[in-house]
Amino acid sequence: MELRKLDDFAWELPKTGDMRVPGRIFASEDLLRPLLDEARGGQEWNALEQVRNVACLPGIVKASIAMADIHPGYGFPIGGVGAFDVHDGVVAMGGVGFDINCGVRVLATPLSAKEVGPRKEELADRLFGGVPAGLGSEGKLRLSVEGIDDVLVKGARYAVGKGFGVPDDLRFTEEEGCMADADPAAVSVKAKQRQFRQVGTLGSGNHYLEVQEVVEIMDRAAAAAYGIEVGQILVAIHCGSRALGHQIGQDYLQELERASRKYAIPIRERELVCAPIRSPEGQRYLSAVAAGVNCAFANRQVIAHLVREAIAPMFSLAPERIRTLYDVGHNNVKRERHQVDGRERELLVHRKGSTRAFGPGRPENPEPYRAVGHPVFVGGTMGTASYILRGTERGMSEVFGSGIHGAGRALSRSKAKRTWHGDKVLKDLAGKGIEVRAHSARGIAEEAPGAYKDVDLVIQAATGSGLNALVARVVPLVCVKG
Amino acid sequence: MAYEILEHTADVGVRGTGPDLATAFAEAARGMFSLMVALEAVAPMRTMQVDLTADSLEGLLVAWLGELLAQKDIEGLVFSRFCVAVVQGERGWMLRGQAHGEPLDVHRHQPGVEVKAATYYGVRVECTNDHAMVQCVLDL
């Protein structure tokens, strides 16, 4: 497998064989090297082969794209972006994955690090006690079958309607917290049953809740639009659609496999099964995904409310003074309008492990952010910095307004467990002034900072390519893991 | 008979082996639950019945592990022992299994990471007269 260098941060996988478009990977040589080694070593599961497979799907437009945090996924690589013509393109399950609309909500508090720092431990305890997380945790919002259907149709609006949050939260949520074309009938009873206890739970693995301090502002205009400044305390919530999304994925893996055969679309790998967008199967899957997206919005909305309940009384704040900075997903498929070769086209854009990053001027952005583009949140690890980026004009024209989403793992979980001990990781983090609370001792070793790639390298590539622009750097004070 | 957790950077794979397919399927399930709980701490107090059919053995494996994940969420149970029969019928492959376990107790079961889904990635089923191996990658 050979890549052609376009510039320091852009590489082309030339169109060969069944590829309908070339592949385009926006990463540095350092980030690409291990991927090339895997591909050349013939490793069965490699991200560059996945870029190639996506390029072979019917109706793909311009290129099969991978962002700087590319690593192997299921069907699409993580960090993969694929846009398809709505008339003759396909919708692919692997372009969304099992955790539909997994994403990040960031809350901006009026508190400063000076106020919060001395009370970090108490704050960590309150968040740990107030937000259900970890294996088997149960949410505080109990639902019936009808209640679940309401969540799937209304998304975050449902939660706000039930008193979990304020209307302004919706204004600063992607899609205003609700995808219009969700259909609960496209979601299996089993998927709904799995979700009964899980609305408003964080989950486990790489999902987290983090109290962060803004330590550096790189883009004053954008920071002013977002209302953030150095020293300010933010709270980041990273989670998705929980078991409902996972079951939608499992169910449609089977349905779309049948559809792929019915419409004679070659299945290059099982997780890349798909259906024509205009087919009944494709439409049904899109309605189910929209329902999953709404479930994730509702989830983060409920958690945001619980975070307010934990923090506000501690600092004698009115809860609504903790405002939603933005809420944006990174496992999605959406109908969007984009300029392609000087012509506006309606496309279905898959983003798997890639955050939407709409730049200046896009009407989808909330009005206060319209001139600068909405915030894009990039999670680091428990011990390192996270970043707030924004979309750019170049990102709009090159990658359909997409951004990176995280650092990506460098070491397997087992290797991490062999390398680090949970207690030692906690001690090291405490030494750096980071309070960690976790529901799983094993999880701490698996999520040790050293198990992830250097987020700074990923940021350097994403911003060096001009696809995303840096706004602010934040560091963790408190981290709650599932 | 045994299970093995397979290394992968982003996620993990699980492999079950045994003298026959039934044992290998049961071991793969143990392997999957070993990521979530300490198996030795989970008592076989309750039993769930699972009946499945699939076009292929690979599909049956993914469906089996997926069904156990669904039951974990719906019933709030975790499992440590499995009893499985796999037969080829007219409509493809059939699995009849029992999963034995109890309600999750975070204080006793040493919770690990939650498995989101069983995937077709790296799925493999091999079977000879006296040895069987099944494996797939799990999304965490």
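The values are calculated or read from the model by the stated rules, or taken from the named source; none is laboratory data. Since the model is a prediction, treat every value here as computed from it, not as a measurement. Note that we place each Cβ from the backbone using ideal geometry, even for glycine, and neighbour counts take in every protein chain shown.
Observations on the model:
- A:VAL116 passes every criterion in (1) within 14 Å of another protein chain (Cβ to nearest Cβ); (2) part of a helix (DSSP H, G or I); (3) in contact with a Ser or Thr (Cβ under 9 Å, 6 or more places away or on another chain); (4) of a type outside the set (S, T, N, Q) apart from (1).
- None of A:GLY95, A:GLY136, A:GLY103 is in contact with a Pro (Cβ under 8 Å, 6 or more places away or on another chain), closer than 26 Å to A:ASN206 by Cβ and among the small types (Gly, Ala, Ser) except A:GLY136.
- Test: residue in segment B:36-43 that is within 14 Å of chain A (Cβ to nearest Cβ), over 30 Å from A:GLY406 (Cβ atoms) and touching a residue at least 60 places away in the same chain (Cβ under 8 Å): yes
- Flag set for A:ARG171, criterion: within 25 Å of A:ALA357 (Cβ to Cβ), in contact with a Pro (Cβ under 7 Å, 6 or more places away or on another chain) and among the basic types (Lys, Arg).
- Residues (in contact with an Asp or Glu (Cβ under 8 Å, 6 or more places away or on another chain), within 13 Å of chain B (Cβ to nearest Cβ) and aliphatic (A, V, I, L, M)) located in segment A:186-216: A:ALA191
- Odd one out for A:GLY406, checked against (1) surrounded by 22 or more Cβ atoms within 10 Å (Cβ to Cβ); (2) within 14 Å of another protein chain (Cβ to nearest Cβ); (3) closer than 17 Å to A:GLY134 by Cα: (3)
- Subset of segment A:56-80 [out of contact with any helix residue (DSSP H, G or I) (no Cβ under 6 Å at 6 or more places or on another chain), closer than 23 Å to A:ALA259 by Cβ, away from chain B (no Cβ under 14 Å) and buried (at least 24 other Cβ atoms within 10 Å of the Cβ)]: A:LEU57
- Within segment A:181-204, considering residues that are modelled with pLDDT of 95 or more and in a loop (DSSP other than H, G, I, E, B), the one surrounded by the fewest Cβ atoms within 10 Å (Cβ to Cβ): A:ASP183
- Members of segment A:247-302 found to be surrounded by fewer than 24 Cβ atoms within 10 Å (Cβ to Cβ), within 14 Å of chain B (Cβ to nearest Cβ) and assigned to a loop (DSSP other than H, G, I, E, B), listed by number: A:ILE267, A:ARG268, A:GLU269
- Just one of the numbered conditions (1) in a helix (DSSP H, G or I); (2) touching a Cys at 6+ places or on another chain (Cβ under 7 Å) is not true of A:ARG52: (2).
- Of all residues in segment B:40-57, those satisfying the criterion of being surrounded by fewer than 18 Cβ atoms within 10 Å (Cβ to Cβ) and outside any strand (DSSP E or B) are B:GLU40, B:ALA41, B:ALA43, B:PRO44, B:MET45, B:ASP55, B:SER56.
- Looking across segment A:213-233, the residues that are over 22 Å from A:THR392 (Cβ atoms) and either touching a residue at least 40 places away in the same chain (Cβ under 8 Å) or touching a His at 6+ places or on another chain (Cβ under 6 Å) (or both) come down to A:GLU213, A:VAL215, A:GLY231, A:GLN232, A:ILE233.
- Identity of the residue in segment A:205-221, farther than 22 Å from A:ILE311 by Cα and under 21 Å from the mean Cα position of the chain (by Cα), that ends up modelled with the highest pLDDT: A:ASN206
- Count of residues meeting criterion [assigned to a strand (DSSP E or B), surrounded by 20 or more Cβ atoms within 10 Å (Cβ to Cβ) and either at pLDDT below 95 or among the acidic types (Asp, Glu) (or both)] in segment B:97-113: 0
- Among residues of segment B:73-101, those that are within 20 Å of A:GLU138 (Cα to Cα) and free of Cβ contacts under 8 Å to residues at least 12 places away in the same chain, counted: 2
- Being in a loop (DSSP other than H, G, I, E, B), crowded, with 22+ Cβ neighbours inside 10 Å, at the interface with another protein chain (Cβ under 9 Å from one of its Cβ atoms) and among the β-branched types (Val, Ile, Thr) is a property that does not hold for B:VAL137.
- Residue in segment B:16-29 that is crowded, with 22+ Cβ neighbours inside 10 Å and either within 14 Å of chain A (Cβ to nearest Cβ) or of a type in the set (Lys, Arg) (or both) present: no
- Filtered by the rule that a residue be in contact with a helix residue (DSSP H, G or I) (Cβ under 8 Å, 6 or more places away or on another chain) and hydroxyl-bearing (Ser, Thr, Tyr), segment A:287-340 gives A:SER287, A:THR324, A:TYR326.
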